[in-house]
Amino acid sequence: MSELTLQGVSKGYNHGRPNEVRVLQGVDLSVAPGEVVALVAPSGAGKSTLLHIAGLLDTPDEGRVSIGGEDMTDLSDRRRTAARRREVGFIYQFHHLLPEFSAEENIVLPQLANGVARAEASRRARGLLETVGVGERASHRPAALSGGEQQRVAYCRALANRPRLLLADEPTGNLDPATSERVFAALMELVRGTGLAALIATHNLELAGRMDRVVRLDAGRVVD
Ligand code: ADP
Ligand code: ADP
């Protein structure tokens, strides 16, 4: 079983026009439960396109996408959105936390939207913040936190609804090397505690080398 499977995924932009760009050309990729895979790609190679397709934000022109063994390729937009909210957590280079809410509230809100009771949502948020070493700062707003703390809160938010699949795009990208190191360790701690599958795009080869497997996006295909 694999949590994420892409089979023969192709995607282009500007269909049929002379300037059509074929970004992905038959991508095959699987990520097993509990596996952390690094995705390394030069800029412009189609990394964002691949993450958007894997995360059900976009659909392939050809090929199949499944998450948790369920084929998601032909779902209606409404069902795809529902599946994304249920199954996928996203982390970006910047934290995108809501500035007017505390760290804890930022992790509670997506759970309330998902039907989790407030007491349970708070309990889960505090547990996640403890795991990444930000438990003491739970009631602070993002602006009162350091860059590394903000990013760790964003990791907790991504995992708040217990997704099967975590997709991250340069999760330590805007941090200095020392902070990056500590924050990456916190991310691994979170991921290892849940057994979810993770696909983490990074330019940092040192961090990539510490994941279970490294895949490279090259000329529209994924190579191990
Ligand atoms: P990366 O994340 O690796 O930098 P992207 O997936 O963002 O790469 O983009 C890959 C290629 O596809 C680039 O040449 C980009 O210009 C093109 N592209 C991405 N999104 C679109 C779009 N919505 N319309 C047209 N071209 C796009
Ligand atoms: P909400 O449940 O708050 O309405 P969405 O279902 O819109 O959130 O989005 C779910 C996840 O997908 C969020 O983590 C959000 O950041 C991410 N997301 C939504 N739209 C995009 C997009 N166009 N590009 C990148 N990420 C997106």
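Values in this text are rule-based calculations from the coordinates and carry no lab data. Keep in mind that what you see is a predicted model, and the values were worked out from it rather than measured. Don't worry about glycine lacking a Cβ; one is built from the backbone with ideal geometry, like all the others, and counts go over all protein chains shown.
Run lengths n ≥ 4 of DSSP H only: what is the helix-derived mean residue ellipticity at 222 nm for the chain, with -39500 (n - 2.57) per run over all residues, to the nearest 500? Present the calculation step by step, with values, prior to reporting the outcome.
Numbers: 7 runs with 79 residues, N = 224.
So the helix-based figure for the chain works out to -11000 deg cm²/dmol.
Normalised by 2.2 N^0.38 Å, with N the number of residues, the alpha-carbon radius of gyration of the stretch 111-198 equals 1.06.
Order these by the 10 Å Cβ neighbour count, fewest first: R157, R162.
Details: R157 25, R162 14.
Ordered from fewest to most neighbouring Cβ atoms within 10 Å, R157, R162 come out as R162, R157.
Highest mean packing comes first when the peptides 72-79, 124-131, 53-60 are listed by Cβ atoms within 10 Å, giving 53-60, 124-131, 72-79. Annotation: the antiparallel percentage among DSSP beta bridges lying fully within the stretch 132-224 is about 40.
What is the dipole size for the stretch 16-80, taken about its Cα centre, with +1 at each Lys and Arg Cβ and -1 at each Asp and Glu Cβ, in debye to the nearest 20? Intermediate results must be reported in sequence, preceding the final value.
Working: 7 positive and 10 negative charges, 43 e Å.
Around 200 debye, computed over the stretch 16-80.
Positive end of the dipole of the stretch 1-133 (Cβ unit charges, origin at the Cα centre): among A41, L51, G115, the Cα lying farthest that way belongs to G115.
When DSSP beta bridges are restricted to pairs lying wholly in the chain, around 50% turn out antiparallel. Projecting the Cα atoms of G209, G195, P142 onto the dipole axis of the chain, where Lys and Arg carry +1 and Asp and Glu carry -1 at the beta carbon, places P142 farthest toward the positive end. Couplings for the stretch 41-49, taken from phi via the Karplus curve 6.51 cos²θ - 1.76 cosθ + 1.60 with θ = phi - 60°, read 8, x, 4, x, 6, x, 4, 5, 4 Hz in order; Gly and Pro are left as x.
Taking E104, E149, E189 in turn, the Gaussian network model of the chain (Cα-Cα springs below 10 Å) assigns the largest fluctuation to E189.
For the stretch 122-147 versus the stretch 12-41, the spacing of their alpha-carbon centroids is 35 Å. For V222, the residues 5 or more places off, or on other chains, whose built amide H falls under 5 Å of its own are D28.
Divide, for the chain, the radius of gyration over alpha carbons by 2.2 N^0.38 Å, where N is the residue count.
Against the compact-globule rule of thumb, the ratio is 1.02.
Based on C-alpha pairs under 8 angstrom that are at least 6 apart in sequence, the chain has a relative contact order of 31 percent.
Remark: the chain carries a charge dipole of roughly 440 debye about the Cα centre, counting +1 on each Lys and Arg Cβ and -1 on each Asp and Glu Cβ. When every Cα-Cα distance of the stretch 1-89 is counted in 10 angstrom steps from zero, the calculated P(r) takes the values 16, 49, 30, 5, 0 percent.
Would you order H96, H52 from fewest to most other beta-carbon atoms within 10 Å of each residue's own beta-carbon? Don't skip to the end; give the middle numbers.
Details: H96 13, H52 17.
Fewest-to-most Cβ neighbours within 10 Å comes out as H96, H52.
The residues packed around D77, meaning those with a beta-carbon under 14 Å from its beta-carbon, carry a net charge of +3 if Lys and Arg are +1 and Asp and Glu are -1.
Multiplying each eigenvalue of the alpha-carbon gyration tensor of the stretch 44-98 by 5 and taking the square root yields semi-axes of 20, 16, 9 Å, largest first, rounded to whole angstroms. Applying 1/(1 + (r/R0)^6) with r as the Cβ-Cβ distance of N19 and E120 and R0 = 35 angstrom yields a FRET efficiency of 0.10. Per-residue 3J(HN,Hα) values for the stretch 207-214, derived from phi via the Karplus relation 6.51 cos²θ - 1.76 cosθ + 1.60 with θ = phi - 60°, read 5, 4, x, 8, 8, 6, 7, 10 Hz in sequence order (x marks Gly and Pro).
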